[in-house]
Amino acid sequence: MKKVLLAIAVLSISASLYAGSFIGVSVAPDWYFDSKGSGRTDILFTADGANYFGLDHSFGIEYGVGVVFPINMWEEERTESLTGSPYGFVFRAGLGYRYDTGDLIGIFLGAGVRGTLKMFNDEPSPDQDLRVFMLDIYGRAGIDFNIMDILSINAGLLAGGSVYTGATVITRGVSSDGYAGNGFFIAPFAGISLTY
């Protein structure tokens with residue numbers, strides 16, 4: 001058992017010597033369309049990271065965590081801004097691939113799962129809160145520009161669909177759960193990362 005653990009440690013250290021890593025921040029407008037003909041618009045601010053194991057053609061992992069600011073919701077032809085103080089949290093984790101086309105430009109792809117928890121407090125009914133949790137699968141593609149080997153500016157598109165959506169209404173401390181339907185989302189993003 002000790003030999004196996006030692007071999008894993010040596011392989012991990014040697015792989016990290018050839019790893020390209022990115023950590024940074026990004027912003028994305030996020031449009032969601034559900035199966036009932038309604039949808040919503042959010043703004044995402046996330047801290048993102050990726051570790052690719054290899055030099056020019058690299059597979060690896062990607063991850064992110066951040067905050068969500070819901071902007072509005074719509075049903076068919078009716079759109080309304082959200083009242084109260086809506087906010088939420090988002091996380092994602094997946095597998096990625098990155099290809100360096102040269103010293104300046106890289107192309108990356110990724111796929112994985114994303115979770116979003118949003119909380120709403122309805123101003124006309126201050127004793128009532130709504131919490132919505134969504135679990136999505138996503139795919140993303142983008143391009144990054146390397147600046148001085150320590151900085152990367154990137155842009156791309158994140159898109160996917162819901163696997164699970166649940167809603168909880170809390171009224172005076174009493175909660176009731178419901179199912180909120182499925183749909184798909186699209187989120188163009190732009191960000192900046194440190195490379196190491």
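The values are calculated or read from the model by the stated rules, or taken from the named source; none is laboratory data. Just so you know, these numbers come straight off a predicted model, no measurement behind them. Here the Cβ positions follow ideal geometry from the backbone for every residue, glycine too, while neighbour counts run over all protein chains shown. Heads up: the accessible areas ignore ligands, DNA and RNA and are worked out on the full protein's heavy atoms, side chains in. Shrake-Rupley method; radii C 1.70, N 1.55, O 1.52, S 1.80 Å.
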Among the residues of segment 33-48, what is the count of those that are in contact (Cβ under 8 Å) with a residue 60 or more places away in the chain and farther than 12 Å from residue 90 by Cβ?
5
Within segment 44-57, count every residue that is at pLDDT below 85 and open to solvent by less than 30 Å² (accessible area, probe 1.4 Å).
1
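Yes/no matrix, rows are residues, columns are (1) farther than 26 Å from residue 63 by Cβ; (2) at pLDDT 85 or above; (3) open to solvent by 20 Å² or more (accessible area, probe 1.4 Å); (4) of a type in the set (Asp, Glu):
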residue	(1), (2), (3), (4)
163	no, yes, yes, no
174	yes, no, yes, no
185	no, yes, no, no
192	no, yes, yes, no
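Can you tell me which residue among 101, 79 is at pLDDT below 90, surrounded by fewer than 14 Cβ atoms within 10 Å (Cβ to Cβ) and within 20 Å of residue 157 (Cβ to Cβ)? Steps first, please.
Working: 79 fails: within 20 Å of residue 157 (Cβ to Cβ).
Every option except 101 fails the conditions.
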